[in-house]
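**Q** Can you keep this structure in mind? I'll have questions shortly.
Please treat every number below as a calculation from the coordinates, not as lab data. No experiment lies behind these values; they were computed from the predicted model shown. Cβ atoms come from the backbone with ideal geometry, glycine included; neighbour counts cover every protein chain shown.
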């Protein structure tokens with residue numbers, strides 16, 4: 001089940017990044033992120049109330065809030081990158097850093113995983129790098145690395161802190177994370193002048209993004225509860241494969257041979273990690 005939840009988080013986040021990228025191409029990044037976070041937050045609050053769970057210790061809520069702040073920074077950086085460039089390039093770059101941070105923390109706390117899983121980790125990182133390479137021999141400029149790097153750090157810290165926050169309870173720490181992320185984005189939006197309104201057609205993509213992001217958060221938290229942090233994080237970091245395939249299928253973005261190889265490598269990595 002830990003593997004199933006990890007893969008489900010990757011699929012949810014990958015699809016959410018695709019819909020979020022579409023929305024931010026036609027609307028303000030901060031406004032799209034805020035509205036999608038609110039939609040996902042209302043879903044999480046409703047689930048928490050229906051479940052009847054009691055509030056967890058303050059420390060869990062504190063770690064949840066910290067995770068939410070880190071995740072919000074990651075989302076803003078990622079969506080700015082998606083809005084300004086090709087979806088099939090920006091998302092995989094951020095995924096490399098996203099995976100490396102939890103692997104390092106999990107190795108310190110839990111020790112090294114099995115040899116087969118380590119091979120799976122290496123192939124997974126190679127997969128996202130293959131997906132991210134544009135080809136053509138064009139040198140990568142430093143300013144192009146900034147947003148994907150910041151997104152990766154934000155998501156990596158989210159993985160680490162939400163794993164700590166949800167050790168004993170799932171939903172209320174996720175609500176705390178969402179409350180913190182919404183507060184940060186709302187504060188940033190208030191400082192932005194002028195505030196751009198969103199057209200009605202964008203709300204479908206915004207609501208879909210919020211639901212998928214909340215689902216991805218819940219799936220990852222459940223995967224980390226049931227299994228190792230590094231395994232859950234690496235599985236979740238394969239989300240660019242979903243983003244790339246959706247961009248290829250619906251936006252007709254051309255994928256190069258090595259990007260197809262990256263998708264194949266991601267499937268191989270999944271088989272090794274779950275061995």
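**Q** Once the piece of chain linking residue 3 and residue 186 is laid out straight, how much longer is it, given 0.36 nm per residue of separation minus the C-alpha distance between them?
**A** 62.4 nm
**Q** Rounded to the nearest 0.05, what FRET efficiency is calculated for residue 203 and residue 50 with R0 set to 30 Å and r the Cβ-Cβ distance?
**A** Efficiency for this residue pair is about 0.75.
**Q** Contact order normalised by length for the chain, with contacts defined as Cα pairs under 8 Å and 6 or more residues apart; what percent is it?
**A** Relative contact order here is 44 percent.
**Q** Any idea how far the Cα center of the range 161-211 sits from the one of the range 42-68, in Å?
**A** 14
**Q** Using 0.36 nm times the number of residues separating residue 59 and residue 42, minus their current alpha carbon distance, what extension gain do you get?
**A** 3.9 nm
**Q** Sum -39500 (n - 2.57) across every DSSP H segment of at least 4 residues in the chain, then divide by the residue count to get the 222 nm mean residue ellipticity, nearest 500.
**A** Helix contribution divided over all residues of the chain: -28000 deg cm²/dmol.
**Q** Which residues among the range 200-221 fall inside the zone where the amide N is under 15 Å from a point 7 Å beyond the Cα of residue 250, along Cα→Cβ?
**A** 201-213
**Q** Let me understand the range 1-111 better: what is its radius of gyration from the alpha carbons, and its Dmax, in angstrom?
**A** 16.0, 46
**Q** Show me the ranking of peptides 54-65, 111-122 by mean Cβ neighbours inside 10 Å, starting with the highest.
**A** Highest-to-lowest ranking by the protection proxy: 54-65, 111-122.
**Q** Go through (i) 27, 21, 18; (ii) 26, 25, 15; (iii) 46, 21, 19 and flag the label whose value is the computed semi-axes √(5λ) of the Cα gyration tensor in Å for this structure.
**A** Among (i) 27, 21, 18; (ii) 26, 25, 15; (iii) 46, 21, 19, the one calculated here is (ii).
**Q** Sticking with this one: State the Cα centre-to-centre distance between the range 91-123 and the range 1-24 in whole Å.
**A** Taking the Cα centre of each part, the range 91-123 and the range 1-24 sit 19 Å apart.
**Q** Using alpha carbon coordinates only, what is the Rg to Rh ratio of the range 179-261, with Rh defined as the Kirkwood radius?
**A** When Rh is taken as the Kirkwood radius, the ratio is 1.07.
**Q** Which FRET efficiency, nearest 0.05, do residue 267 and residue 110 yield, Cβ-Cβ r, R0 30 Å?
**A** Efficiency at R0 = 30 Å is approximately 0.70.
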